[in-house]
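Taking it in order: structure first as structure tokens, then the write-up.
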Amino acid sequence: MPITVSELKNKGEGEEILLNGWLQEIRNLKKISFLVLRDHTGTIQITAKPDLTENYDSISQITRETVLSVHGNLTRKTQSKSGIEILAKSVKVLNEAKSPLPLGIIDPVGADIETRLTNRFLDLRKPEVALIFRTESELLWGMREFFHDSGFVEVHTPKIVAAATEGGADLFQVQYFEKQAFLNQSPQLYKEILISAGLNRVFEVGPAFRAEKHNTPRHLNEFTSIDIEMGFADHNDAMHMLQEGVKSGIRHLVSHAPVSTAPPSAKIQIPEGNFPRITYRECIKKLESKGEKVKFGEDFTPEQLKLIGSEFTSFYFITEWPSSLRAFYTQPKPGDEVVSNSFDLQYREYEITSGAQRVHDPLLLEERLKSKGLNPEDFSFYLNAFRYGMPPHAGWGLGLERLVLIILNLQNIREATLFPRDRTRITP
Ligand code: ATP
Ligand code: MG
């Protein structure tokens, strides 16, 4: 039975070993070859010699990144870094790699992001790149566990839809037989229908599509959205769930992912206590005190968000956004309706989540649709769910790649996406 590199430490001197992996490096001296074999758990030195190893002469010809199966004996009489090596009896080529490689795995010169993404299958062989996706997996696992334990039902809503969630131009059109359809921007409308349906608490992890034309380090045209919606709840309940969900995800990540191998730039800290809150109006005051001019009803620029974010060391909420800036389904604040029961979760200048209490009164909802220039007839499948008993409800949507970006302190959201879809890229 083959074992992994990380399991070698439990093996004794002289024990027979079968290992599979990629040839990361090879050094051929006169009567000895040193190979570095890599699998998903680490690397190990393999030594081959003419009197020890079958077909020794062919070994020097093996190209980097060829897939090998090595049979040999473990020894600790070695000068290799790990204190272990394998004396090879045979080195079998399972599948040869072409040479030269379009992207080096261990070459010290860092390749540009486009070359890396074009050759993503090679890029992901670098342990520090694979770590990004192990991190994402553990983070999501921790969040999923939290929502499951808090009584949320995981759901899957359609991604081919007839109406735009928020209207606007950020939609990809799809020819759906005789009809015109769209790829969903967000599961918003369906999540809300499920609250009327009585599921009470739902969460979804799925793709969201945005035909945004701009090319930025924090936008993708397809991203992974974590969404929740809760019945008989308001924006404060939704913020609480978000805060605890994010903390649980990071806690799980820290105790499960091999973060010890993370680059030092990724200072992963589990946030504690309540995330501070600042209202939109307070943000304007703060910015004005720093010499910025912001008109009520305008969105903050990335530079302004940097200024606001510099006051906080970790996650923080911006609450009570102007109703005019938020989608039609956002509940206005009772008694102060120019602002809304809405919030964004922020980390430095990055928006991680948008959420709110939602409108549950069908008449107000219809009015809000019209005021945003949308046609209520296009939304009748949605409005119907409000006419026969819709509980008050609240929820949010969180961009998973953005969360990974800030946790690992990456520069570009494409690094946190296996196969990014952006303005110019649809392959691989
Ligand atoms: P932004 O203002 O940053 O463009 P948004 O306010 O348009 O974001 P929302 O509709 O509020 O985005 O979506 C909820 C969350 O989904 C955002 O907070 C963000 O984390 C994520 N998100 C939104 N658009 C994108 C995108 N194009 N690429 C990656 N993540 C995104
Ligand atoms: Mg938003």
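The values are calculated or read from the model by the stated rules, or taken from the named source; none is laboratory data. If you're wondering where the values come from, they're calculated on a predicted model, not measured in any experiment. Note: ideal-geometry Cβ built from the backbone for every residue, glycine included; neighbour counts use all protein chains shown. Surface accessibility is based on the protein's heavy atoms, side chains included, excluding ligands, DNA and RNA. Shrake-Rupley method; radii C 1.70, N 1.55, O 1.52, S 1.80 Å.
Take Arg348 and Asp336, extend 7 Å from each Cα along the Cα→Cβ direction, and tell me the distance between the two endpoints in nm.
The answer from the label model is 3.1 nm.
Which shape class applies to the range 124-281: rounded if a/c is under 1.5, otherwise prolate when a/b exceeds b/c and oblate if not, where a ≥ b ≥ c are the square roots of the Cα gyration tensor eigenvalues? Walk me through the numbers before you get to the answer.
On the way: a/c = 1.85, a/b = 1.30, b/c = 1.43.
Oblate shape, in that a/c is at least 1.5 and b/c is the bigger or equal ratio.
Would you work out what percent of the accessible area of the chain, with all protein chains in place, is carbon or sulfur (probe 1.4 Å)?
Numbers: 11020 of 21240 Å².
The C+S portion of the solvent-accessible surface of the chain is 52 percent.
Rank Leu305, Thr424, Gly151 by how far each Cα sits towards the positive end of the charge dipole of the chain (+1 on Lys, Arg Cβ; -1 on Asp, Glu Cβ) and give me just the farthest.
The residue sitting farthest along the positive end of the dipole is Thr424.
What is the angle, in °, between the Cα long axis of helix 280-289 and the longest principal axis of the Cα atoms in the chain? Nearest 10 is fine, range 0 to 90.
Computed tilt is about 80 degrees.
Which three extents, in angstrom, do the Cα atoms of the chain have along their principal axes, listed largest first?
Result, largest extent first: 87, 56, 39 Å.
Based on Cβ point charges of +1 for Lys and Arg and -1 for Asp and Glu, what charge dipole magnitude is obtained for the range 341-428 about its Cα centre, in debye rounded to the nearest 20? Could the numbers behind the result be given before it?
Details: 11 positive and 11 negative charges, 39 e Å.
For this selection, approximately 180 debye.
So how strong a dipole does the range 1-115 carry about its Cα centre when Lys and Arg Cβ are +1 and Asp and Glu Cβ are -1, to the nearest 20 debye?
Values: 14 positive and 15 negative charges, 85 e Å.
Roughly 400 debye for the range 1-115.
When the dipole is taken about the Cα centre of the chain, and only Lys, Arg (+1) and Asp, Glu (-1) are charged at their Cβ, what size is it in debye, to the nearest 20? It would help to have the intermediate numbers written out before the result.
On the way: 51 positive and 56 negative charges, 249 e Å.
In total the dipole reaches around 1200 debye.
First obtain the Kirkwood hydrodynamic radius of the range 195-306 from its Cα pairs, then insert it into the Stokes-Einstein equation at 25 °C and 0.890 mPa s, and state the resulting D in µm² per second as a whole number.
Working: Rh = 18.1 Å.
The Stokes-Einstein estimate is 136 µm²/s.
Report the calculated FRET efficiency for Lys31 and Arg281 (r = Cβ-Cβ distance, R0 = 60 Å), to the nearest 0.05. Kindly include the intermediate steps, with their values, before the conclusion.
Details: r = 78 Å, r/R0 = 1.30.
Using R0 = 60 Å, I get an efficiency of 0.15.
Say each of Arg76 and Trp141 gets a label point 7 Å from the Cα, pointing the same way as Cα to Cβ; how far apart are those two points in nm?
A separation of 3.0 nm, rounded to one decimal place.
Of the options Asn28, Ser289, Ala385, report the single residue whose Cα projects farthest towards the positive end of the charge dipole of the chain (beta-carbon charges: Lys, Arg +1; Asp, Glu -1).
Asn28
Quick one: if the Förster radius is 35 Å, what FRET efficiency do Lys372 and Glu154 give, using the C-beta to C-beta distance and rounding to 0.05?
Working: r = 30 Å, r/R0 = 0.87.
So the FRET efficiency works out to roughly 0.70.
Determine the per residue accessible area of the chain with all protein chains present and a 1.4 angstrom probe, expressed in square angstrom. The partial results should precede the final answer.
Values: 21240 Å² over 428 residues.
Result: 50 Å² per residue.
How high is the relative contact order of the range 272-428, in percent, counting Cα pairs under 8 Å that sit 6 or more residues apart? Before the final figure, lay out the partial values.
On the way: 224 pairs, mean separation 26.0, N = 157.
Relative contact order here is 17 percent.
Given N residues in the range 316-428, what is its alpha carbon radius of gyration divided by 2.2 N^0.38 Å? It would help to have the intermediate numbers written out before the result.
Values: Rg = 17.4 Å, N = 113, 2.2 N^0.38 = 13.3 Å.
Computed over Cα atoms of the range 316-428, the ratio equals 1.32.
Taking amide H positions as placed 1.01 Å from N in the peptide plane, with prolines and chain starts having none, which residues 5 or more places from Glu25, or on another chain, fall under 5 Å of its amide H?
Residues meeting the amide H criterion: Val36.
Report the label-to-label distance for Ser99 and Glu128 in nanometres (one decimal), using points 7 Å from each Cα along the Cα→Cβ vector.
2.6 nm
Once you keep just the Cα pairs under 8 angstrom separated by 6 or more residues, what percentage relative contact order results for the chain?
Values: 805 pairs, mean separation 56.7, N = 428.
The normalised contact order for the chain reaches 13 percent.
Lys/Arg Cβ at +1, Asp/Glu Cβ at -1, dipole of the chain taken about the Cα centre: which of Gly198, Ser6, Ile59 is farthest positive-ward?
Ile59
Express the C-alpha Rg of the range 1-116 as a ratio against the empirical globular expectation 2.2 N^0.38 Å, rounded to two decimals.
Here the answer is 1.07, to two decimals.
Where in the chain lies the longest segment free of chymotrypsin sites (Phe, Trp or Tyr not before Pro) that are both loop residues by DSSP (not H, G, I, E, B) and have at most 15 other Cβ atoms within 10 Å? Walk me through the numbers on the way to the answer.
Details: sites that count: Phe172, Phe177, Phe232, Phe296, Phe312, Tyr388.
Excluding the exposed sites themselves, the longest stretch runs over 1-171.
Of all trypsin sites (Lys or Arg not before Pro) in the range 62-109, which ones are in loop regions per DSSP and have a Cβ with at most 12 other Cβ atoms within 10 Å?
Lys77, Lys81, Lys98
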